[in-house]
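No lab work stands behind these numbers, since they all come straight from the coordinates. Nothing here was measured: the structure is a model prediction, and the numbers come from that model. Using ideal geometry, Cβ is built from the backbone for each residue, glycine included, and neighbour counts are taken over all protein chains shown.
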Amino acid sequence: MKRFYVTTPIYYVNDLPHIGHAYTTVAADILARFHRLLGEEVFFLTGTDEHGQKVEKAAAERGRTPKDHADIMVENFRDLWRTLNISNDAFIRTTDGEHKAVVQELLQRLYEKGEIVKRPYKGWYCTPDERFWTEKEIRDGNCPDCGRPVEEIEEENYFFLMSRYAERLQQHIEQNPHYILPESRRNEVLGFLRAQPLGDLCISRPKKRLSWGIELPFDPDYVTYVWFDALINYFSATKYLSPGSLKEGWWPADHHIVGKDILTTHAVYWSTMLMALGMELPGNIFAHGWWTVDGKKMSKSLGNVVDPFKVSKEYGVDQFRYFLFREVTFGLDGDFSESAIIGRINSDLANDLGNLVSRTLSMAFRYFDGVVPQPVTLQGEIGDRAAQVPLRLKAHLDVLAFQKALGEIWEFLGMLNKFIDTEKPWALAKDPEKKKELERVIYTVLEGIRHIACFIAPFMPEAGEKMAEMLGLEGLVRPGVLSELRWGGLEPGTRLRKGEPLFPRIEKKREVPDMERETAGEVKKAERDDLISIDEFAKVELRTGKVLEAERVEGSSKLLRLIVDTGEKRQIVAGIGKSYSPEELVGKTVVVVANLKPAKLMGIESQGMLLAAGEGKDIAVLSPEREVKSGLRVK
Ligand code: ME8
C-alpha cells in the first residue's frame, strides 16, 4: 500500500495558537484526509517545540518550570486541533523521552563522523531569536531580523560543518524542481546559496547560559540548539509515533509544510543535516505565506491577532477551513477580514453548494417521496467529468494548489446547478409523460452530490458527512472511496433524509471602515446638491409583484427572465443570475419599478426593473418583510 507522510512545524509553547498555526495544520489535514480517501496509508504529524530560550523565558515570566509551562500550553494546541477537526495521527512533544534519545543518537553519530567540531566563537547574539549574527549582518547594534538589540558573546561551542554541503544542496534544489515550493521561494533559497558561501551552524548552547534543552551526549556542559533538536522531530516521530503495525519505512516525509519565515531552517539546516547523516531528503518543503488582518500585519501590540477558536465558533469550522484555502493561493500572503469570510460563505457555500443540495433534496422529496429514483439512462458528460475530478484533485494537491483543487470541485457543482436550470425538473414534473426524464435528472444530480460529498470531505469533513447522511449513505466517506467511486453507483431505492441547511447564509451588516465613514460625512456637508423632492420621488412607481416564472437567459450567466404579477403580468429581465437560481425566485414577492420605459436586454424586452442590493454573486433582492398582495404601491 502506498504511504504518505506529511508534517506541520512543531509550534512553540510560549504562546497561544493563532490563525497561522491553524493555517498550516489545516493544510496538512486536507492532504492527509485526501490521501486516506485515495486508499493510502497516511502518517500526519504535528506537535510542539518545547525547548529553548523562548519557552524558558515565557515559563519564567509566569513563575513556572519550563516543563510545567509546556504541559499547560500544549493543551491549547490539542484543543484547537480537536475543534478544527484535525485528523493528526500523532502529536509529538520535543520533551518526549523517545525524541530526546533520537536527537542524542544522531548528534553522537555526527560527532563520531567528524561532522560536529568544537570551536571558539565570538558573535552577536539575539536572545529572542536564539541566533548568532556576524558583525557585518547586525544593524546599528540590532538584530537584522527582529530589530531588537543583540549582545556580543564569546564562548566555545559546537559547530555542525554545514558549509561542506553547500554545493550538494544547491544541486539537489536545482535538480528537483518540487523540492522547495512555491517556485518563488525556491528561487530565493537558490539566490541565497549562490550569493555567499554557506557558513557552519552553531548547534550548542552552554548550560550556564541556557539549561532548558537536550544535553549533548558528548559534552554535559552544553545543551542542543533548539532548531537542531526541533527539526529532528520529523524523523524521531517515525521511530515511536507512526501509525499502523509496521514501524519502519516512514522516512522520508512527502511534505514538510512550513511558514515562509522558517523556510531557511528547513531548506538549509534540515537538508544538510540529513545529508551529513546519510539519510534521504524529504520529497517537498512547502513555504506558505502570511495572513494580514484587514490589510495590517497581525501582531499582539495591534491587538488584531486572529483567534481560530473564535472565528470557527462564529462562522463554523468547515466555513473557516474553506475560507483559508479558497481565498488565497497557498504560498502567497492573504488578507483576513470578516467581510471576506462572510462573502465566501454566502456566495460559494450557501449559494452554490448549500442551495444545490437543498433544492435537489426538496425536489427528490416532492417528486419521489424521498427515495432515489431508478434512471433508465445516465447523464454521460456529467459522469465523465465526475470520473476525472479525483485525478485532477490529485494533480493539484501534489503541488499543494488547494485553491485550484477547490476550483475544480466548484466547476463540477456549477455543472450540476446549470444542469438543473436547463433541464427544469419542475417543468418536467408537470408532464406525466416526462417521468423518465425527471428520474434521469434527479438521479444525476443526487449522484453528483454523492461525488461532491467525497470530493469536499478533505476540506470540509463535517459537510461531507452531512451530505452523505442526507443521501442516506452514512459511512460513504471512508478510506479508499476516491479510488472506488463509480458513476452510477448510487443505489436506486436509497431512502434520503431531510437535513438542516448545510451552510446558512450569514446576514451581517458590513462595518463601515473609518475612512469610508469620514468621506461619507464630508460628502453630506459639501456635495449634496443632488437631492430630490418628495414629488420627484413620487414619480417612481414602485409595486409589489409575485414571481410566477423564472428561467435563465441563454448565453448569459447573469440574466434571468422573469414573469412577475404586479397586478398585471409583465416580463422583467434581471441581472441577478449569479446570486439566484430561477427555482429560488418562483413564488417570491419582490419590488418592481413599474413605470420604467421598456428596454431590451439580449434581445428580450424588460418591462420594468427589480429592486436589489449588492453586486455580482452577492446580490440580495428586496422583498416585503411579510406576505402582501401583488400590485401594492410601495411608498
Ligand atoms: O517557528 N500567517 O514555531 P512557531 C500565517 N517552533 N502563518 C503565520 C503567521 C501569519 N500571520 N504568523 C506565524 C516555530 N505564522 C518553530 C518551528 S519546526 C521544526 C519548528 C506561522 O510557533 C509561521 O510561519 O513560531 C510558523 O510556521 C508558525 O505559524 C508558527 O510557528
* Structure fact -> With +1 at each Lys and Arg Cβ and -1 at each Asp and Glu Cβ, the charge dipole magnitude of segment 339-484 around its Cα centre, to the nearest 20 debye, comes out at 180
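Give me the number: length gained by fully extending F192 to K434, i.e. 0.36 nm times residue separation minus the C-alpha to C-alpha distance, one decimal in nm. Walk me through the intermediate numbers first.
Numbers: separation 242, 0.36 × 242 = 87.12 nm, distance 6.80 nm.
Length difference between fully extended and current span is 80.3 nm.
What value does the chain have for Rg/Rh, both radii from Cα atoms and Rh as Kirkwood defines it?
On the way: Rg = 30.1 Å, Rh = 28.3 Å.
We get a ratio of 1.06 for the chain.
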* **Cβ-based net charge around E280, under 14 Å, with every Lys or Arg adding one and every Asp or Glu removing one** => 0
* Can you give the calculated 222 nm mean residue ellipticity of the chain, where each DSSP H run of n ≥ 4 adds -39,500 (n - 2.57) and the sum is split over every residue, rounded to the nearest 500 deg cm²/dmol? -> -12000 deg cm²/dmol
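Out of all DSSP beta bridges in the chain, what portion is antiparallel? Express it as a percent rounded to 5.
Taking every DSSP beta bridge within the chain, about 70 percent pair in antiparallel fashion.
Using the beta-carbon distance between M602 and E568 and R0 = 22 Å, what value does 1/(1 + (r/R0)^6) give for FRET efficiency, to the nearest 0.05? Before the final figure, lay out each step's value.
Working: r = 23 Å, r/R0 = 1.07.
After rounding to 0.05, the efficiency reads 0.40.
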* Asked: Starting at 0 and stepping by 5 Å, how many percent of the alpha carbon pairs of segment 339-484 end up in each bin?
  -> 2, 9, 18, 22, 21, 14, 8, 4, 1, 0, 0
* **About the Cα centre, charge dipole magnitude for the chain (Lys/Arg +1, Asp/Glu -1 at Cβ), debye** => 1500
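Work out the length of the dipole vector of segment 260-361 about its Cα centre, built from +1 on the beta-carbon of each Lys and Arg and -1 on the beta-carbon of each Asp and Glu, and round it to the nearest 20 debye.
140
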* Structure fact -> One finds, for K588 and S556 with R0 = 25 angstrom and r their Cβ-Cβ distance, a FRET efficiency to the nearest 0.05 of 0.75
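Given a cut-off of 32 Å, name the pairs among K313/K558; K2/K466; K57/K394; K597/K617; K239/K313; K54/K313 whose C-alpha atoms lie farther apart than that in the structure shown.
Numbers: K313/K558 34 Å; K2/K466 29 Å; K57/K394 44 Å; K597/K617 27 Å; K239/K313 36 Å; K54/K313 30 Å.
Going by Cα-Cα distance, K313/K558; K57/K394; K239/K313 fall outside the 32 Å limit.
For a Förster distance of 41 Å, can you work out the FRET efficiency between the beta-carbons of L548 and S301, rounded to the nearest 0.05? Could you put the intermediate results ahead of the total?
Working: r = 59 Å, r/R0 = 1.43.
Result of the calculation: an efficiency of 0.10.
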* Asked: In nm, to one decimal, how far is the modelled label at L632 from the one at W426, with both set 7 Å along Cα→Cβ?
  -> 2.3
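What is the sum of charges around F365, taking Lys and Arg as +1, Asp and Glu as -1, for the other residues whose C-beta is under 12 Å from the C-beta of F365? List each step's numbers first, then the result.
Numbers: positive: R359, R366, R495, R497, K498; negative: D369.
Local charge sum for F365: +4.
State, as an integer percentage, the relative contact order of the chain based on alpha-carbon contacts under 8 Å between residues 6 or more apart. Write out the running numbers ahead of the final one.
Working: 1042 pairs, mean separation 73.8, N = 635.
That works out to 12 percent.
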* To do: Subtracting the Cα-Cα distance from 0.36 nm times the residue separation, let me have the gained length for E75 to C146 in nm, one decimal.
  => 22.7 nm
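For every other residue with a beta carbon closer than 14 angstrom to the beta carbon of R185, add +1 if it is Lys or Arg and -1 if Asp or Glu, then tell me the sum.
Details: positive: R186, K260; negative: E183, E188, D261, D333.
Around R185, the surrounding residues sum to -2.
Which order do the peptides 113-120, 532-539, 437-444, 271-278 take when ranked by the mean count of other beta-carbon atoms within 10 Å per residue, highest first? Before the final figure, lay out each step's value.
On the way: 113-120: 13.5, 532-539: 8.8, 437-444: 22.6, 271-278: 19.1.
Descending packing order for the listed peptides: 437-444, 271-278, 113-120, 532-539.
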* Name the residues of segment 289-317 whose amide N is less than 14 Å from a point 7 angstrom out from the Cα of T83 along the C-beta direction? -> 305-317
